[in-house]
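Working notes, beginning with the structure itself.
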Amino acid sequence: MTRLPGSYPLALLIALFALVPVGVLVSLASDTAQLFDTHNLKVLGNTLALMGLTVLGSILIGVPLALLTAYVYLPWRRLWLIVFAAPLAMPSYIGAFTLYAAFGPGGEINHLTGIPTPGFYGLPGAALVMTLYTYPFVLLTTRASLLGLDASLVNAARTLGMSLGMSLWKVVLPRVFNGIAAGALLAALYTLSDFGTPAIMRLDTFTRVIYVEYNAFGLSQAAMLSLQLLVIVGLVLFLESRVKATRERPGRRLTLWPSRWQVNALLTAALPVPLLSIVLPLAIFGLWLVREGTGGFEFSYAWNSAYASFLAAVVAVVLAVPVAHAAVSGKAGRLMERVTYFGFGVPGIVMGTALVYVGLKLPFLYQTLGLLVLAYVLRFLPLAVGSVRSSAESLDPSLVKAARLLGASPKEAFTRITLPLTLRGMIAGAALVFLEAMRELPATLLLGPTGFETLATYLWRVYEAGYFGRAAVPGLLLVLMSGLGLALMLTGERRGEFDVTEDSKR
Amino acid sequence: ARALAQTPGALSVDDLPALVGELTLYLGRGEGGLYENVLEAIQKRNPDFKLNIRRGVTAALANTIVAEAQAGVRRADVFWAVDSGAIGLVDEAGLARKLPADLTGQLKEGFRYDNWSPVTGRIRTLPYNTDKLTADKIPASVMALPDSGLSIGWAPAYASFQSFITAMRLLEGEKATGEWLKAMNKRGKNYAGELGVVMAVERGEVDVGFANHYYTLRLKAGKPDARVGLAFTQNDAGCLVNASGILALSEGDLPVNFIRYLLTREVQSYLASEAYEIPLVDGVVPPQGLPALDTISPPKMDLTQLADLRPTLDLMRRVGVL
Amino acid sequence: MLSVHNLSVDYGSTRVVDKLNLALADDEILMLVGPTGCGKTTILQALAGLIPISEGEITLGAWRASAKKPVPPEKRNVGMVFQDFALFPHLTVQQNVCFRLKDTALADHWIDLLGLSALRHAKPATLSGGQKQRVALARTLAHEPVFILLDEPLSNLDAALKDNLRWEIRHALKTAGVPALWVTHDQEEALSVGDRVGILNGGKLEQLDTPETCFCEPASRFVARFLGEASFIPGKLEQGRVVTAIGDAPGTPVDGATGEVDLLLRPDDVALTPAGAAGNGAVTWARYEGGTRLFAVNLDDGTQVKVRVSHEVRAEPGSRVQLKVITTHPLAVFNRE
Amino acid sequence: MLSVHNLSVDYGSTRVVDKLNLALADDEILMLVGPTGCGKTTILQALAGLIPISEGEITLGAWRASAKKPVPPEKRNVGMVFQDFALFPHLTVQQNVCFRLKDTALADHWIDLLGLSALRHAKPATLSGGQKQRVALARTLAHEPVFILLDEPLSNLDAALKDNLRWEIRHALKTAGVPALWVTHDQEEALSVGDRVGILNGGKLEQLDTPETCFCEPASRFVARFLGEASFIPGKLEQGRVVTAIGDAPGTPVDGATGEVDLLLRPDDVALTPAGAAGNGAVTWARYEGGTRLFAVNLDDGTQVKVRVSHEVRAEPGSRVQLKVITTHPLAVFNRE
Ligand SMILES: Nc1ncnc2c1ncn2[C@@H]1O[C@H](COP(=O)(O)OP(=O)(O)OP(=O)(O)O)[C@@H](O)[C@H]1O
Ligand SMILES: Nc1ncnc2c1ncn2[C@@H]1O[C@H](COP(=O)(O)OP(=O)(O)OP(=O)(O)O)[C@@H](O)[C@H]1O
Ligand SMILES: [Mg+2]
Ligand SMILES: [Mg+2]
């Protein structure tokens, strides 16, 4: 019993590996004397406010949508889920830019229809955009928790005279708190590390300060500031780890059967979200496409994107498995797991530069696809770790015992029982990594092979140059291919889940 | 452009030796397909020439080049940056090779440097909303702008803007620049980039803004009825001509000859007409929509000096602009 | 008074409950039994308003629900006790029972009556199965429902606990004077606890009557088999008596059975005596049950009969025994199949 | 042959199993019963090597495990059937049964014998409880363990299914000729299926003997109560007979009981006849059980006695009845408490 869990050595190795870029940041930052500038206090306030509002917003949108997609009997349930998760595929700066361009006096909407609309800027605008592009994290993690709940508590509350809404609020939500927290964590880290959105929305945040330093060639100062940002990241990680998971026996899941008009009303209420986050950017780009015409796009970019992201997803999941299992087996393992989250909270360009230093230590990898994939893995490992961990947590321990008693060694029991049974979480994790890698930019620019163009780099290129019409096709492709990734994730989910329809065949 | 009589300085591609071999170009900021077209055309002309392009954020590429050099690795043969500050960083690190005098000699006066070559210029302008203003309402001196009563859009975090402040600092002195920034800060509205500034001007969010000239020209190209015009100040940092630049990192003729291609009449006029950049060799017409360069009176400035960003940032921070 | 008229429920295109009719008197306990998947839970959920119905009508005191005009569960004032108790894990026993109650007097009453006073501040996770069960019951009763639904309230408990709890629940229901519909798949429970028993098969009610009637005069072979060990032996019905190879007995025909019939024998309707080489059958197997023994005997005509006798009677598998029908009350008689 | 010597298991500082001694003959089935939390599962897991032991020794054929020298589970060649079956959900029935088998002949044998041939390619999720149970059993047996552990293999199943499966399992175990340790908390199961029964209480074995002995001559009141309805009535033991208020019977003293004693009565040791106003007790409650009725009768001296009689006997609660001890075999007698 005192033996260390078998996953610890590997997990420790991976955690150390995940810390390498942070180590590089430390050595880069060691050049600077300036520790903290009181100027930055206001910026810190803005950063925290943006993070807080974004987390709040992504919970406000993500949780109801999770309830909708998990519990409500909808026509084309899976399609709706894909639609609601799709914003994960869109780079948030694109969303911020198109929202800015569409709304406000003189914006495209005003221009086309003559209707004046309020503009988006500042803290509210940035928080809205960040919310629109991070709520799917909350949606997906919360939905996974919801699916594991037994329906009877809600039914009990309702028969005790509590309305449905109150029952969901008081009986369901407290039990999926950890699922919500897991998603909120990802949303918070994404917000901390994003640069484009607050910049476009004219909000001064930590990342902007870091960027100014970086662009003024103050790399060491930028690294120092990034380390300071990591303190916030660490705090967020700590807070999230305080959320206690309640363990429950899974049971038959709740199904709500609203009438047709109620379904329509629910979908109508939910529709603004995908309209704003997906349809609007594509429409605006489409409009500019008609105005300006297109050119220069090659379909090989899409292939490059998909290929690199796919490799990253696979590798990330492979590495996530030992980390997730270590996290389930003990306190030390949990710490190793937390460590892997750091990469997700550092601004991409700083992280990318740190990885250039790492890459230069491995000349045979430098500027190869291999290093790019490694970079994606380092940045997005937490996405995979989280999903794999939650599926490992719900694994029935007697299955492994049964395998052992049938003569399987611990290793064999792991590969033949534990692994296939956590497949669902692995596929979900792979899908998340895939989506994030598809929209990743700074590491792709810095670390990919020379001449390696992806949808995201092409989008950036034309966006930077102001040829927005050319963003329409890659934008659409990004959404479509990510939809495919999500569909794949849902198939994996179906393999691990036993529907009532399957149940009734007995 | 083709109709133009041949003038000294501007060579034609036909006069250049064929390029043979392989080059890796680090290209700071992509300019969406236009630089691409130029580079593609060069490759098409030279079937034995292979160009590998790595695009990226200018500063990130400069940092990468420095990091590579520290690690004893060299992947880039040529570095083309939109911003002379990045050129300065790499040059200061001692990584830039000296360019032959006959190459730098092709450039207009004031744009000739030993270790790097400007490719095209961009001029600081004051885009203004044509519904609200006319050009004559805009002061001729940038220093007078705070007192003009106009609302102003700017992008202090943007590299070009910081170069402009550096120029002002060198021309007007630290103190005056600081006061100017302080005064401006009361009327300035922050934007992420200068494209955003131009769009804001066009929408009437602000009366006038600070931006490189080509953003306005490109916006008007896509939207001919755009309500935005261009104004220029006189003989101060407000109408500074800055340049994108290129430098060679590896020895040999090939990088140098490649740079020569970028200075040809064909390339320069293409960049002028399509990307609205200002040609820096003689005999090529400037982009449409821009007054002739000699009607504008930009300040005299050693662009390499603009790489000295640190004091500028400190100043901007001190007055609370950054 | 609850009345259910022609209730049908579909899941997609499969009909799970088919034209159910029920009426329940005040304070009556109706047991609903049936094999797994026959639609028991579905019926309860439909009555509680947790799933939509496709047809029919449910009336209970103030409200009337139909397919077109559903009444939400929280408006029905129906109490439900769930198979897995469905206690709120984050609330104490007291908070569970007082859930949403303004006046907690009744809650205290039931907490005391069900012996939960010492556990008021315990969380459900620390309770034993039987205690959880009682909390669930107290919670339901404290809300003064006009009608109670119980979905296999004992199936998650130890055999040892079940027997007591069953009676505790019955007692509590009767004390509260609330009618109840109690679902189980344990025929012993159904027979002993309920005032009436309904036997479901594939979504249809096969019989609905008192336990005695259902057991002694089952409406079908399915009901007969479902309610206890049943053997059918061939016989001839003549003037109210059935004559079989192992004796005769008064017969009650089911579905107008006459002539060549099958007689339903329960294990205690037959006497068994070891018989050396003679006898009319051979023991197939014997099971010790504590106070009794159950024997399966193959008659010489091939029919298998199960007989329960005192544990003092011993007979090894293979040995010959003499069986004899000893019952004096009428037995059910079915048409030969 | 399995032999367990002084086995103790601790969780932290609490001793959960205390100096257990056991020996099992070839192909013997030993039932282990006890209330919830008494350590049954812990014993099985210790024997399987799934948890470390603190003391003692387990020997089985080729291996010997002690606290110092544990043997990993996969080296023990012990089979285990889990309460929730622990079927691998991602594998078909066939793949489950053949898990790690090179030669699948034996797997086929058990699949056929347990009637699973038609389900070979089904996934566990689509099976009924009884089918899952059979798959779990087939999987265990196909691996030819030298010893089998069953942890409440039937507790997750319907009452209706249980009875059949219990016998199917016994039959399969006997066919395979493998000794087995079978944990249950159902006393009926323990008594009917096992060759011997062990009754656990708080980690200690209170009695280990044949079902008949345990039932008729329980080593303690705990055992007596655990194995079935038990009433204790005061009496006097004189020359091997106990004299009580409701008749006398031969007595077997437990723990050397003499003089003033308590006689253990099982519900079928007593006869009940309705007695108008006379009689020696009053009915407290009556339960219909199908073939029989169970009465609780309060004797005039206050003792409660439970009596099981034919369902043809009727007596309303409150009415007077005459009880009489009718048994001829010796009954257990305990020291007055
Ligand atoms: N949500 C659902 N969707 C589709 N079919 C369902 C659903 N719920 C139940 N069924 C099917 O309806 C039938 C009746 O189910 P129900 O749960 O009412 O049975 P039950 O009698 O309660 O069974 P058990 O004794 O196993 O609890 C079964 O065939 C079941 O598979
Ligand atoms: N992992 C553990 N850590 C601490 N205590 C435990 C652990 N597992 C079991 N126990 C305790 O050990 C005692 C025996 O548990 P065990 O599971 O063996 O009981 P059991 O007889 O199988 O009960 P049941 O009939 O409920 O299955 C119980 O008091 C239980 O609470
Ligand atoms: Mg049910
Ligand atoms: Mg147990």
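One line per residue, one yes/no per condition, for (1) within 14 Å of chain A (Cβ to nearest Cβ); (2) crowded, with 20+ Cβ neighbours inside 10 Å:
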site	(1), (2)
B:GLU92	yes, no
B:LYS98	no, no
B:ILE123	no, yes
B:PRO127	yes, yes
B:ALA140	no, no
B:LEU145	no, yes
B:GLY153	yes, yes
B:MET168	no, yes
B:TRP180	no, yes
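Among the residues in region D:71-83, are any in contact (Cβ under 8 Å) with a residue 40 or more places away in the chain, surrounded by fewer than 21 Cβ atoms within 10 Å (Cβ to Cβ), away from ligand 3 (no atom under 16 Å from the Cβ) and closer than 30 Å to D:SER117 by Cβ? The answer is yes; a qualifying residue exists. Among the conditions (1) away from ligand 4 (no atom under 16 Å from the Cβ); (2) under 28 Å from the mean Cα position of the chain (by Cα), the only one that D:GLN94 does not satisfy is (2). Checked against the criteria, B:PRO298 counts as within 30 Å of A:VAL212 (Cα to Cα), more than 14 Å from chain A (Cβ to nearest Cβ) and either outside any helix (DSSP H, G or I) or of a type in the set (A, V, I, L, M) (or both).
Against the test of being away from chain A (no Cβ under 11 Å), in contact (Cβ under 8 Å) with a residue 40 or more places away in the chain and not β-branched (Val, Ile, Thr), the options C:LEU119, C:LEU22, C:LEU106, C:LEU87 yield a single qualifying residue, C:LEU22.
Filter region D:122-155 down to residues that are away from chain A (no Cβ under 12 Å) and closer than 26 Å to C:ARG225 by Cβ and give me whichever is farthest from ligand 4 (Cβ to nearest atom). Across region D:122-155, the extreme among qualifying residues is D:ARG134.
Is it the case that some residue within region C:257-264 is on the phi > 0 side of the Ramachandran plot and either touching a Lys or Arg at 6+ places or on another chain (Cβ under 9 Å) or at pLDDT 90 or above (or both)? Within region C:257-264, one or more residues are on the phi > 0 side of the Ramachandran plot and either touching a Lys or Arg at 6+ places or on another chain (Cβ under 9 Å) or at pLDDT 90 or above (or both).
Take the conditions (1) of a type in the set (D, E, K, R); (2) within 12 Å of another protein chain (Cβ to nearest Cβ); (3) over 26 Å from the mean Cα position of the chain (by Cα); C:ASP112 misses just one of them, which is (2). When the residues of region D:166-189 are filtered to those that are part of a loop (DSSP other than H, G, I, E, B) and under 21 Å from D:LEU47 (Cα atoms), the one that is nearest to ligand 1 (Cβ to nearest atom) is D:HIS185. When A:GLY161 is tested against the conditions (1) away from chain B (no Cβ under 11 Å); (2) in a helix (DSSP H, G or I), the lone failure is (2).
This table checks each residue for (1) away from every other protein chain (no Cβ under 14 Å); (2) buried (at least 18 other Cβ atoms within 10 Å of the Cβ); (3) within 16 Å of ligand 4 (Cβ to nearest atom); (4) at pLDDT 90 or above.
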site	(1), (2), (3), (4)
D:GLY198	yes, yes, yes, yes
D:SER220	yes, no, no, yes
D:GLY235	yes, yes, no, yes
D:VAL242	yes, yes, no, yes
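If I filter region C:13-32 down to residues being touching a helix residue (DSSP H, G or I) at 6+ places or on another chain (Cβ under 8 Å) and within 25 Å of A:THR255 (Cα to Cα), which single residue comes out as nearest to ligand 1 (Cβ to nearest atom)? Out of the qualifying residues, it is C:VAL16. So, of the residues in region D:1-12 that are out of contact with any helix residue (DSSP H, G or I) (no Cβ under 8 Å at 6 or more places or on another chain) and more than 10 Å from ligand 2 (Cβ to nearest atom), which turns out to be farthest from D:GLY177 (Cα to Cα)? Among residues in region D:1-12 that are out of contact with any helix residue (DSSP H, G or I) (no Cβ under 8 Å at 6 or more places or on another chain) and more than 10 Å from ligand 2 (Cβ to nearest atom), the one farthest from D:GLY177 (Cα to Cα) is D:SER8. For C:LEU227, the conditions (1) surrounded by fewer than 22 Cβ atoms within 10 Å (Cβ to Cβ); (2) within 17 Å of C:ALA332 (Cα to Cα) all hold with the exception of (1).
Scanning region D:26-39 turns up no residue that is away from ligand 2 (no atom under 15 Å from the Cβ), in a strand (DSSP E or B), surrounded by fewer than 17 Cβ atoms within 10 Å (Cβ to Cβ) and touching a residue at least 24 places away in the same chain (Cβ under 8 Å).
Of the residues in region D:29-49, at least one is more than 16 Å from ligand 4 (Cβ to nearest atom), in the same structural domain as D:LEU150 (by TED's automatic domain parsing) and more than 19 Å from D:ARG196 (Cβ to Cβ). Buried (at least 23 other Cβ atoms within 10 Å of the Cβ), touching a Phe, Trp or Tyr at 6+ places or on another chain (Cβ under 9 Å) and either within 24 Å of A:GLY165 (Cα to Cα) or touching a residue at least 60 places away in the same chain (Cβ under 8 Å) (or both) - does that describe any residue in region C:8-17? No, because not a single residue in region C:8-17 is buried (at least 23 other Cβ atoms within 10 Å of the Cβ), touching a Phe, Trp or Tyr at 6+ places or on another chain (Cβ under 9 Å) and either within 24 Å of A:GLY165 (Cα to Cα) or touching a residue at least 60 places away in the same chain (Cβ under 8 Å) (or both). Can you confirm whether C:PHE82 is of a type in the set (Phe, Trp, Tyr) and farther than 19 Å from C:LEU181 by Cα? When the stated conditions are applied, C:PHE82 does not pass them.
Look at A:ALA408 and say whether it is touching a Lys or Arg at 6+ places or on another chain (Cβ under 7 Å), farther than 30 Å from B:VAL38 by Cβ and without any contact (Cβ under 8 Å) to a residue 60 or more places away in the chain. Judged against the criteria, A:ALA408 is a match.
Where strands (runs of 3 or more DSSP E) fall entirely within region D:211-329, those with at least 2 residues that are touching a Pro at 6+ places or on another chain (Cβ under 8 Å) are at D:231-238, D:241-244, D:247-253, D:259-265, D:281-288, D:304-310, D:320-325.
The values are calculated or read from the model by the stated rules, or taken from the named source; none is laboratory data. Quick caveat, the model's predicted, so the values are computed rather than measured. Quick reminder, even Gly has a Cβ in these numbers, built from the backbone with ideal geometry, and neighbours come from all protein chains shown.
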